Structure formats: structure tokens, C-alpha cells
Amino acid sequence: MKKNTIILIAFLLISAGAIGAAVFLGQQDETASTIPLESTVLAERPLALSSKTYKQTITIGAIGDILIHTRVYEDARTDDSYDFKRMLAPVKKMLEEPDFTIANQESLAGGSKLGLSGYPAFNSPYEITDALVDAGIDLVTLANNHSLDKGEKGIQSSLAYYDKIGMPYVGMHKDELDASTERILSIQGIKVGFLSYTYGTNGIQVPDGKDYLVNYLEDKKIISDLKSMRDKADIILVNAHWGNEYERTPSEEQRRLAKLMAENGADVIIGHHPHVLQPIEWLKHDNGETLVVYSLGNFLSGQVRDYKDIGGMVTVEIEKTWNEKGSKTSVLNPSFSPTYMVSSNEKNYEVRPFEEATVFGSPETDLDELSDFMLEAVEQ
């Protein structure tokens, strides 16, 4: 009995030793051969990433003039403030749909302490900016003929409030540093550059040594700004305050400036100042095509009749594709959603979207007519 047990134990010990030796030798063999082999395989295998193309798409929306006449801010007056939110409530959903939406703040929003005023020298309550934020506006363009209506003090007051609430702006600046800071924003990974210029400021000159306060439509400056921004941004959107008031066709100067901007790197150009809609078109040039919206008309204002109470939002898709060879950004699928202003005896101002059954204006117009007017050249 003991002998058998001793034999069994000896057998087990021998077996265990053999197995341990085999494992040890196997580990040494793996150390000697597997690691270099694996490294060789990785070095020779092509990476899957090198053959892939990635794509990101965003939508950018833009609306026309926010021009707060006296009758409009009086209609917004409450006991101790101003409430413009109800005026934009019917279009809030529309304004929130793009990934990024910009508005042209034409009347200076310098706040009540400077003294509120309408035409001809505008100054609007800060609360209009609060309403724009609430409605989904992400950036305001400021270079226009009313930028200096309250002088430098008005500019500084309005910009201080934008900074306070975190609203990005372009076209007016508080100092040299602000003016030299390029407006390039990353929107879901796509770098969008914004520029804004005006033809003039109603004869009011900037103070000596303070040219930085407002951007003017000067050829050399436009070319310089575009050149500086071109390699830093995926797409450049220029806002131009230009053209002749109340004319529904672009002037020769608008077309000249659009060509200048397009040939020097602008991808999208949004026009303001005529207070009526002007058509959208693709402008072909040696480097491709630039989308030009000659005028977006009034969005919120006290003006009526002859198309001055009709505006809208233009929307474009920005598509960026990239792979190991580089990246490409394209402007695609421009669309237009018209809006109109309603009021009653200079009260109850409200911006509404055109719907299929809407017939509005003096002269009357409808959704189909406005869409054809704005997009006919784009769809050809």
C-alpha cells in the first residue's frame, strides 16, 4: 500500500516537473520569437484610417435687419423694462433650427441710460439683445450706417453689454485689440470666420485715431482681412451693409464688391441695408463659387408696405470632408424661409413665418412668389 502510494507521488512530482519545464521553455520561446514577429506584422499592415474619408455638416442661418423704431420699442415697454420676446415668439422655432444663426442688429443697442431713440439716430434698449438670445441668435453683425448714431459712447455701451451676456459680435470694436481679434468660431468642429463692413455711417466720422470702431467697405481692408483669415478658417462668411434703400435689385456697386470678396476668399456673402429682399445667386470665379445674398430685408422693424415689412431667414449647409490627403469645405443647399411683420395701429408688433396659405403685403405676395424671387437664380 505504501509502495503504491510512494510510486504515485513520485509519478505526480515527475509529471509536474515536466509540465513546468515545458511551460518555462514555451514562455522563453514566445519571448524570443513572438514579439519581433508581431512588430513586423504591425509595421507592414496598412492602417485602415488612411483609406477613410470623414464628413461633418452644419447649418448656418442668417436673418435681416433688426431696426427698432420708436413705435416698436414703445410697444415693447413694460412697467420697468422692455419685452421684445413676444414679437419673436412665432419665429423662435424657425430661428432655433440651424446649428448657428446670425442677425443684423442695425439699430444700435446702447441701452436706456443713453436715451432711447428711433429714426434718424437710433438707440435701442438692451432688452432687444436679450430677446435675440432667447430666440436662438448666436451672433450679431454690427457694421452699418447707424453704428455711430450715438458716437463712441454708444458703441462702447452696446459692446459692453454683448460682452456681459456672452453674445459674439462682428463689425464694431471697443479698441485696437478687439479689432485685431479675428472672429473665427468653431461650430461642431468646423471653423467659421465672420467679417462685417458698412458703406458708411450717415456722414458721422469716427473720432481721430479710432478707426477701429467700425469696419468700412474699403477694398484694401476687405482683401487684407480675407487674406489673413483664409488659411485659418474652413469657411468665411462676410456681412455687407450696402446697396440702395428700397430697391429690389442689387446695384452695380453691390455686384462689384461681391466679385471682389468672392475672388479674395469669401464663401458666403450676406447683404443688408436696402430694407427689402434682393435675390440670392451663385457667383462663379476662378476659385469656385460664392453664395451671395444681396439683401435679407427687414426682419423686425416698424416699416410697412412696398415689401419693407417682409424679410426672412436664409439657411446654408456647410460640409467639411477630410482624409489623409487634406480637407475640403463646401457650401451646399441654400434655402430661404420668408417672414412678415404684422401690427395694429402701431401696436402688437410680431414677426410671423409665411405659410402655404399666407397672402400678405402691399402689394400682396405669397410664399411661392417670394421663394421664386429669392431662389430662381440659385436653382438655374
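Once you have the Cα-Cα distance between residue 176 and residue 357, take 0.36 nm times their residue separation minus that, and quote the gain in nm to one decimal. Let's see the in-between values first.
Working: separation 181, 0.36 × 181 = 65.16 nm, distance 5.07 nm.
That pair, residue 176 and residue 357, stretches by 60.1 nm at full extension.
List 372, 178, 267 from most exposed to least, where exposure is judged by having the fewest other Cβ atoms within 10 Å. Could you put the intermediate results ahead of the total?
Details: 372 11, 178 14, 267 25.
Final ranking by Cβ density, sparse to dense: 372, 178, 267.
Per residue, the average separation of C-alpha pairs within less than 8 Å and at least 6 apart gives segment 275-319 a relative contact order of 37 percent.
Rounded to the nearest 20 debye, the dipole size of the chain about its Cα centre is 1580 debye, using +1 on the Cβ of Lys and Arg and -1 on the Cβ of Asp and Glu. The modelled label-to-label distance for the pair residue 252/residue 333, using points 7 Å beyond Cα in the direction of Cβ, is 4.0 nm. With K and R counted +1 and D and E -1, the other residues having a Cβ less than 11 Å from that of residue 304 yield a net charge of 0. The distance between label points at residue 317 and residue 263 comes to 3.2 nm (points 7 Å beyond Cα on the Cα→Cβ vector).
Got a sec? How would 63, 270, 184 order by Cβ neighbour count within 10 Å, fewest to most? Intermediate results must be reported in sequence, preceding the final value.
Details: 63 30, 270 26, 184 15.
Lowest count first: 184, 270, 63.
Between 0 and 90 degrees, the angle of helix 252-263 with respect to the longest Cα principal axis of the chain falls at about 10 degrees.
Placing unit charges on each Cβ (+1 for Lys and Arg, -1 for Asp and Glu) gives segment 54-376 a dipole about its Cα centre, and among 172, 98, 142 the Cα reaching farthest toward its positive end belongs to 172. Contact order, relative form, for segment 67-217: 22 percent (alpha carbon pairs under 8 Å, 6 or more residues apart, mean separation divided by residue count).
Longest segment of the chain with no trypsin sites (Lys or Arg not before Pro) in a DSSP loop having at most 13 other Cβ atoms within 10 Å? Intermediate results must be reported in sequence, preceding the final value.
Details: sites that count: 52, 232, 305, 325.
By the stated rule (loop sites, at most 13 other Cβ atoms within 10 Å), 53-231.
Set the Cα radius of gyration of the chain against 2.2 N^0.38 Å, with N its number of residues, and you get 1.48. Helix 151-165 and the longest principal axis of the C-alpha atoms of the chain enclose an angle of approximately 30°.
Secondary structure note: in the chain, about 60% of the DSSP beta bridges are antiparallel. For segment 277-380, the set of GluC sites (Glu not before Pro) satisfying both a DSSP loop assignment and a count of at most 16 other C-beta atoms within 10 Å is given as 324, 346, 355, 356, 364. Taking only Cα atoms, what is the 0 to 90° angle, nearest 10, from helix 367-379's long axis to the longest principal axis of the chain? It is inclined by approximately 60 degrees. Subtracting the Cα-Cα distance of residue 112 and residue 86 from 0.36 nm times their residue separation leaves 7.4 nm of extension gain.
Values quoted throughout were computed directly from the atomic coordinates according to the rules given, and no laboratory measurement underlies them. Not measured: the values here are computed from a predicted model. Cβ atoms come from the backbone with ideal geometry, glycine included; neighbour counts cover every protein chain shown.
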